[in-house]
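Taking it in order: structure first as structure tokens, then the write-up.
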Amino acid sequence: MDMQELVSRTARNAVRYHVTGLAVGAIREYWENEGFAAVPDLPARDTSVRRGTFDSYAAAVDWTDHRHVERALRVFEALLRRINRDSGDDSTLSFDEVSDALVRDGYELGPDLRIRARHLGHLQLHLKDLSDPSGIQAELERIRRSVAEHPDDAIGAAKQLIEATAKIVLKERGEPLSDHDDLADLVKRSQQSLLLHPRQSPPLSGPDAAGAVKRVLGGLSSIALGVTELRNQYGAGHGRLSAPTGLSPRHARLAVNAASTWCEVMLETLADPSAPWRSASA
């Protein structure tokens, strides 16, 4: 299965464009500071030695691997800050094309030239160990494409993200799945399978047994169901007599960030080798 690149060629090229003002040694240094080695004998794309040096290191990055990308983005930050510093008072310098490309990839370039995930980037950390993350990846891609311009689509995708996550949790735990399962049941069963349902009374100790944790888990269940209700009222995914009005990107981000919270807790608990569900299963 082909994995989607987390940073597009467009964004990489936008950064590449700016390195011509840097010394070759500086470009090498920033890449090597993050543990990357140049790919030798890489065919040149143009006559620029500096861009060719950038390309030789960028080719060593697995752009589908979250940890590789995290390190590469730190290189981009260092390069952009150095370029900005070297430019002095050059009022013509602009990183707008870099910023725009990163936004399309789900990141944002801050005024401090730090690159941060705009939404859901952290979920990628938990996908590599799943037997089949494609359902989750498909909804992440839908959200990435729609959250800014089509909030109803993003709200629908946020609901689907919760459903895909619940199903993969149940699958990984060996629990049965049916085409007739509704989302409320999937949410409840998947949380129960990881000892995350607030009404369970398993033999837990430490923070997992605390009343405060139970109250938070109750809110977690409400988050998942609230996103579903929001989708039913305003999200895409079924026919309507008229299109919903008044939706904006902030409503989409509300749904997306809420779904992200639920999904991250579920996937992180599934992956945690010391999570209580593991000892209970044993």
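The values are calculated or read from the model by the stated rules, or taken from the named source; none is laboratory data. The structure displayed is predicted, hence computed values, not measured ones. Every residue, glycine as well, gets a Cβ built from its backbone with ideal geometry; the counts of neighbours run over all protein chains shown. Surface accessibility is based on the protein's heavy atoms, side chains included, excluding ligands, DNA and RNA. Shrake-Rupley method; radii C 1.70, N 1.55, O 1.52, S 1.80 Å.
Things to note:
- Unit charges on C-beta of K, R, D, E only; dipole of the chain, Debye: 500 debye
- Between Arg45 and Arg67, the FRET efficiency from the beta-carbon distance, with R0 = 30 Å, is close to 0.70.
- When the listed pairs Lys167/Lys214; Lys159/Lys188; Lys128/Lys214 are checked against a 20 Å cut-off, the alpha-carbon distance exceeds it for Lys167/Lys214; Lys128/Lys214.
- Pair Arg9, Asp129: separation of 7 Å Cα→Cβ label points (nm): 3.4 nm
- Counting heavy atoms of the protein chains alone, Lys128 has an accessible area of about 120 Å² for a 1.4 Å probe.
- Note on segment 110-185: with neighbouring protein chains present and a 1.4 Å probe, carbon and sulfur make up 44 percent of its accessible heavy-atom surface.
- Modelled spin-label separation between Ala280 and Arg215, with each label point placed 7 Å from Cα along the Cα-to-Cβ direction: 2.1 nm.
- For the chain, accessible area per residue (1.4 Å probe, heavy atoms of protein chains only), Å²: 52 Å²
- Spacing of the two label points (7 Å from each Cα toward its C-beta) at Ser248 and Asp90, in nm: 3.7 nm
- Residues Tyr57, Tyr234 ordered from highest to lowest accessible area at a 1.4 Å probe: Tyr234, Tyr57.
- Between Ala78, Ala158, Ala209, the Gaussian network model of the chain with springs among Cα atoms under 10 angstrom shows the greatest mean-square fluctuation at Ala209.
- Taking amide H as placed 1.01 Å from N in the peptide plane, Tyr107 has its amide H under 5 Å from the amide H of Arg118, each at least 5 places away in sequence or on another chain.
- Look at the dipole of the chain built from charges on Cβ: of Trp277, Gly211, Ser134, the Cα furthest out on the positive end belongs to Gly211.
- Theoretical ellipticity at 222 nm over the chain - DSSP helices of four or more residues, -39500 (n - 2.57) apiece, nearest 500: -18500 deg cm²/dmol
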